[in-house]
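Colleague: Quick one: this structure, given as structure tokens, is what I'll be asking you about.
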Amino acid sequence: MLDIKFIRENADKVKEAAKNKNNKVDIDQLLKLDEEKRGLQVEIDNLRAKRNELAKQNKSGKPTDEQIKQGKELKTEVSGKEEELKKINKEYAKLIYSVPNLISKDTPIGPDESGNKVIRKFGEPAKFKFKPKDHMELGILLGIIETEKSAKISGARFNYLFSGAVLLQFALIQFVFDTLTNEKIIKQLAKKVGNPSNKPFTPVIPPVIAKSEIMKKMDRFEPLEDRYYLEQDDSLLIGSAEHTLGPLHMNEVIDEKNLPIRYIGYSTAFRREAGTYGKDATGILRRHQFDKAEMESFTAPEHGLSEQNLIVAIQEYLVQQLEIPHQVVAICSGDMGKPDFRQIDIECWMPGQNKYRETHTSDYMTDYQARRLNIKYQAKGGKKEYVHMNDATAFAMGRILIAILENYQQEDGSVVVPKALRKYMPGNIKIIK
RNA sequence: GGCGGGAUGGCUGAGCGGUUGAAAGCGCCGCACUCGAAAUGCGGUGUCUUCGCAAGAGGACCGGGGGUUCGAAUCCUCCUCCCGCCGCCA
């Protein structure tokens with residue numbers, strides 16, 4: 001949510017950002033309602049002032065019949081206006097919540113993913129002396145990915161992982177937690193991007209269910225058809241650890257000396273993937289359930305952008321340690337999320353599909369989420385302000401698994417394990433006969 | 001799931017339906033004392049919002065929603081969460 005005062009004073013900017021994000025919110029209607037709302041509020045406040053005055057007249061004694069009569073009249077008048085205000089408020093709330101965040105200056109303007117821009121590339125797509133298999137062929141061959149039984153038992157877009165794939169996942173988790181809690185590495189990356197804080201990340205295992213009201217505050221409730229909704233409890237299964245890490249400091253005022261707050265959470269993520277039938281149908285690229293390590297960070301506004309730069313540097317470091325060719329992509333206005341101010345993705349090379357595919361994303365939300373979650377910070381002697389929030393993938397297990405399997409495959413179908421992971425598991429995944 | 005007790009400012013914690021936006025303590029800020037600090041003393045310390053250049057004035061907020069009343073932190077009701085006991089359970 002944006003500040004209504006800001007919208008009032010910068011209507012043009014807000015309209016332009018909305019247009020670039022393909023968002024059809026009617027800003028003029030919002031401003032009209034805002035004006036009506038305030039006018040009515042003044043009328044109500046004046047009537048209440050009268051009522052308070054009247055009540056003050058007989059603080060201790062009993063009121064006269066005349067005073068009771070006046071009070072009753074005021075009451076009906078106020079409640080009539082309040083009813084009217086409630087109606088306006090409802091419509092107003094709907095509108096203001098649908099206003100998207102502004103976009104950063106360096107965000108490319110574009111209608112959809114065709115407008116995304118590759119900022120930099122690392123490594124060259126590997127040349128194979130044989131025709132590389134895709135991860136699903138490898139998974140079946142190695143006996144580590146199973147999707148037929150899971151389809152019968154759980155439905156489409158689920159899977160079983162076995163043996164080497166499981167060890168690989170746990171190795172990745174161990175690797176990512178070791179890296180993000182290592183102050184030396186954070187320091188080195190922070191220095192590189194000019195981020196003033198070397199603070200390592202705090203590991204978290206968050207809940208995987210969030211109440212509807214919380215998801216609304218996170219601006220992640222919609223589209224509801226993409227969420228698993230638990231009717232009995234008016235709650236949802238989270239689509240990312242972000243959904244329960246973001247609200248961790250809801251309604252708090254954080255002392256500035258405790259900023260930045262950095263979390264690395266690990267959880268299962270659930271997505272209904274409504275409207276994607278037929279898209280990426282085979283393999284484990286697009287699943288209803290996958291595990292993910294997710295970064296979430298809270299900073300003072302002036303450090304929000306360099307925090308995102310640090311986070312992207314961490315993502316790059318992680319895939320570079322795995323030695324997977326990848327590119328960093330600036331997501332354009334039309335392809336980014338409504339709460340995003342700036343979105344950067346990382347796409348890893350996937351030989352089996354012969355293209356780069358998204359494995360990481362990084363969202364800088366400015367104070368868009370913090371405003372509804374009511375998360376503020378206070379500087380010494382300073383004013384309270386909303387914090388800025390960043391969230392980003394560290395590793396999304398399905399996708400990074402694909403990148404490893406496809407990039408590290410051998411001619412016989414076995415897979416060599418990346419060096420960075422060898423201290424956590426055996427050095428290769430072999431075909432089990 | 002059953003029964004009982006709670007939710008008040010940054011924190012702890014008072015609060016007969018009408019001088020309670022809210023006692024007291026802690027914390028925090030300023031000043032005094034001190035070479036400095038501690039201790040002590042004095043003063044100040046909520047958020048949001050409307051009008052206003054400002055000074056200031058008004059309104060809302062005591063977990064959340066609804067209600068009773070001339071008047072609600074205080075009474076009723078629903079919801080959420082916390083604590084205790086019983087039941088069930090990884």
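Table: residues versus (1) over 23 Å from A:LEU318 (Cα atoms); (2) assigned to a helix (DSSP H, G or I); (3) of a type in the set (Ser, Thr, Tyr); (4) in the same structural domain as A:MET365 (by TED's automatic domain parsing).
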residue	(1), (2), (3), (4)
A:LEU138	yes, yes, no, yes
A:ALA165	no, yes, no, yes
A:ALA171	no, yes, no, yes
A:ILE186	no, yes, no, yes
A:ASN198	no, no, no, yes
A:PRO206	no, no, no, yes
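Colleague: Here is a list of conditions, (1) within 30 Å of A:MET389 (Cβ to Cβ); (2) within 11 Å of RNA strand B (Cβ to nearest atom); (3) without any contact (Cβ under 8 Å) to a residue 60 or more places away in the chain; (4) not basic (Lys, Arg), and A:GLU9 meets all of them except one; can you say which number that is?
Modeller: For A:GLU9, the failing item is (2).
Colleague: To continue, here is another question. Of the conditions (1) touching a Gly at 6+ places or on another chain (Cβ under 8 Å); (2) away from RNA strand B (no atom under 16 Å from the Cβ); (3) not hydroxyl-bearing (Ser, Thr, Tyr), A:GLY246 fails just one. Which one is it?
Modeller: All conditions are met except number (1).
Colleague: Given the options A:ILE109, A:ILE88, name the one that is of a type in the set (Val, Ile, Thr) and either in the same structural domain as A:PRO325 (by TED's automatic domain parsing) or at pLDDT 95 or above (or both).
Modeller: Every option except A:ILE109 fails the conditions.
Colleague: Can you report the number of residues in the range A:316-361 which are crowded, with 24+ Cβ neighbours inside 10 Å, of a type in the set (S, T, N, Q) and either at pLDDT below 95 or within 22 Å of A:PRO260 (Cβ to Cβ) (or both)?
Modeller: Total meeting the criteria: 1.
Colleague: Out of the residues in the range A:58-79 meeting the condition of being at pLDDT below 75 and surrounded by fewer than 12 Cβ atoms within 10 Å (Cβ to Cβ), tell me which one is nearest to RNA strand B (Cβ to nearest atom).
Modeller: Going through the qualifying residues, I end up with A:LYS59.
The values are calculated or read from the model by the stated rules, or taken from the named source; none is laboratory data. Everything numeric here is computed off the predicted structure, so don't read it as measured data. Heads up, the Cβs are rebuilt from the backbone with ideal geometry, glycines too, and the neighbour counts pull from every protein chain shown.
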